[in-house]
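Heads up: the structure comes next, in structure tokens.
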Amino acid sequence: GAGVSQSPSNKVTEKGKDVELRCDPISGHTALYWYRQSLGQGLEFLIYFQGNSAPDKSGLPSDRFSAERTGGSVSTLTIQRTQQEDSAVYLCASSFRAGRGFSYEQYFGPGTRLTVT
Amino acid sequence: QKEVEQNSGPLSVPEGAIASLNCTYSDRGSQSFFWYRQYSGKSPELIMSIYSNGDKEDGRFTAQLNKASQYVSLLIRDSQPSDSATYLCAVTSYGGATNKLIFGTGTLLAVQP
């Protein structure tokens with residue numbers, strides 16, 4: 001079946017511009033996550049959505065970052081006033097369900113490579 | 001800070017050998033454990049999941065979990081050059097409503113033909 005899809009695959013933007021990254025999770029998956037991976041670094045959690053519950057935003061690095069999930073499906077990660085340190089690969093993952101420290105398998109999309117010049 | 005630790009490697013094994021990858025974690029409340037494979041320039045690909053103590057086998061891969069020792073490992077039998085990649089250990093973080101994965105920095109595996 002179809003996996004997690006993300007768009008765009010690559011995005012080059014100038015410092016100070018806003019960007020939107022999109023994630024389409026696997027159909028039927030209620031949990032959706034955003035992570036980012038900087039060059040040579042590990043994966044860093046950004047935000048987590050589970051069904052209609054309030055999202056866990058504890059990983060967002062600054063108030064320039066926001067995310068929403070419409071209709072319990074597609075999610076958009078927005079970065080305002082981009083900075084060079086925002087350059088990274090932004091990865092979306094989805095799982096069937098997660099709660100209270102437990103998670104079913106998380107499947108990753110191909111990622112969006114963001115370059116801020 | 002809740003952590004997941006892995007030896008960064010590289011771990012070099014000859015083709016056909018068993019590769020053993022290890023991971024320790026600090027959060028005793030963690031309930032879900034995963035191994036991902038990541039090729040250079042690609043996103044992580046799920047290899048194995050394990051939720052209870054003991055072994056879980058899937059083809060050439062075996063995951064082992066010991067919650068008392070806070071230790072999880074991945075064995076790859078009959079290693080192939082195509083197994084050469086970075087292997088990431090990931091553990092759920094327990095506490096409140098969060099269900100994020102905490103990732104180790106990965107072990108680079110090189111299978112020599």
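The values are calculated or read from the model by the stated rules, or taken from the named source; none is laboratory data. Keep in mind that this is a model prediction, so the values were computed, not measured. Using ideal geometry, Cβ is built from the backbone for each residue, glycine included, and neighbour counts are taken over all protein chains shown.
Regarding B:Gln80, is this residue more than 9 Å from every other protein chain (Cβ to nearest Cβ), at pLDDT 95 or above, touching a Phe, Trp or Tyr at 6+ places or on another chain (Cβ under 9 Å) and surrounded by fewer than 21 Cβ atoms within 10 Å (Cβ to Cβ)?
On the way: more than 9 Å from every other protein chain (Cβ to nearest Cβ): yes; at pLDDT 95 or above: yes; touching a Phe, Trp or Tyr at 6+ places or on another chain (Cβ under 9 Å): no; surrounded by fewer than 21 Cβ atoms within 10 Å (Cβ to Cβ): yes.
So B:Gln80 does not fit the description; no.
Counting just the residues of the stretch B:49-67 that are under 18 Å from A:Gln106 (Cα atoms) and among the aliphatic types (A, V, I, L, M), which one comes out farthest from the other protein chains (Cβ to nearest Cβ)?
Ranking the qualifying residues of the stretch B:49-67, first place goes to B:Ala63.
What's the number of the condition A:Glu85 fails, among (1) outside any strand (DSSP E or B); (2) within 12 Å of chain B (Cβ to nearest Cβ)?
It fails just one condition, (2).
Residues of the stretch A:52-81 being crowded, with 18+ Cβ neighbours inside 10 Å and small (Gly, Ala, Ser), which ones?
A:Ala67, A:Ser75 - these are the residues of the stretch A:52-81 that are crowded, with 18+ Cβ neighbours inside 10 Å and small (Gly, Ala, Ser).
Return the only residue of A:Gln41, A:Gln37 being over 21 Å from A:Phe102 (Cβ atoms) and exposed (fewer than 15 other Cβ atoms within 10 Å of the Cβ).
Working: A:Gln37 fails: exposed (fewer than 15 other Cβ atoms within 10 Å of the Cβ).
From the options A:Gln41, A:Gln37, the qualifying one is A:Gln41.
Output the residues belonging to the stretch A:44-73 that are touching a Pro at 6+ places or on another chain (Cβ under 8 Å) and more than 12 Å from chain B (Cβ to nearest Cβ).
Within the stretch A:44-73, A:Ala67, A:Arg69, A:Ser73 qualify.
B:Ser26: closer than 27 Å to A:Ser38 by Cβ, polar (S, T, N, Q) and modelled with pLDDT of 95 or more, yes or no?
Working: closer than 27 Å to A:Ser38 by Cβ: yes; polar (S, T, N, Q): yes; modelled with pLDDT of 95 or more: no.
Spelling it out, it is not the case that B:Ser26 is closer than 27 Å to A:Ser38 by Cβ, polar (S, T, N, Q) and modelled with pLDDT of 95 or more.
From A:Gly59, A:Gly3, A:Gly40, A:Gly28, grab the single residue that is in a loop (DSSP other than H, G, I, E, B), within 20 Å of A:Ser95 (Cβ to Cβ) and without any contact (Cβ under 8 Å) to a residue 60 or more places away in the chain. If you could, list the steps in order and put the result at the bottom.
Values: A:Gly3 fails: without any contact (Cβ under 8 Å) to a residue 60 or more places away in the chain; A:Gly40 fails: within 20 Å of A:Ser95 (Cβ to Cβ); A:Gly28 fails: without any contact (Cβ under 8 Å) to a residue 60 or more places away in the chain.
Result of the check over A:Gly59, A:Gly3, A:Gly40, A:Gly28: A:Gly59.
Do we find that B:Thr62 is among the β-branched types (Val, Ile, Thr) and either touching a residue at least 40 places away in the same chain (Cβ under 8 Å) or crowded, with 21+ Cβ neighbours inside 10 Å (or both) in this structure?
Working: among the β-branched types (Val, Ile, Thr): yes; either touching a residue at least 40 places away in the same chain (Cβ under 8 Å) or crowded, with 21+ Cβ neighbours inside 10 Å (or both): no.
So B:Thr62 does not fit the description; no.
With the condition kept exactly as written, say whether any residue in the stretch B:41-48 is within 19 Å of A:Tyr107 (Cβ to Cβ), in contact (Cβ under 8 Å) with a residue 24 or more places away in the chain, surrounded by fewer than 22 Cβ atoms within 10 Å (Cβ to Cβ) and facing chain A (nearest Cβ under 8 Å).
The answer is no; no qualifying residue exists.
List the pairs whose first member sits in the stretch A:88-104 and is at the interface with chain B (Cβ under 8 Å from one of its Cβ atoms) and more than 14 Å from A:Phe49 (Cβ to Cβ), whose second member is among the hydroxyl-bearing types (Ser, Thr, Tyr) and surrounded by fewer than 21 Cβ atoms within 10 Å (Cβ to Cβ), and whose Cβ atoms are under 6 Å apart, counting only residues at least 6 apart or on separate chains?
Within 6 Å, the pairs are A:Gly101/B:Tyr94.
Name the residues in the stretch B:86-113 that are under 25 Å from A:Ser38 (Cα atoms), away from every other protein chain (no Cβ under 14 Å) and buried (at least 20 other Cβ atoms within 10 Å of the Cβ), would you? Reasoning before the result, please.
Narrowing the stretch B:86-113 to residues under 25 Å from A:Ser38 (Cα atoms): B:86-94, B:98-110.
Next, from what is left, pick out any that are away from every other protein chain (no Cβ under 14 Å): B:109-110.
Once the filter is applied, which keeps residues that are under 25 Å from A:Ser38 (Cα atoms), away from every other protein chain (no Cβ under 14 Å) and buried (at least 20 other Cβ atoms within 10 Å of the Cβ), the stretch B:86-113 yields only B:Leu109.
I'd like to know if the stretch B:7-23 contains one or more residues that are more than 11 Å from every other protein chain (Cβ to nearest Cβ), modelled with pLDDT under 95, surrounded by 14 or more Cβ atoms within 10 Å (Cβ to Cβ) and more than 21 Å from B:Lys100 (Cα to Cα).
The answer is yes; a qualifying residue exists.
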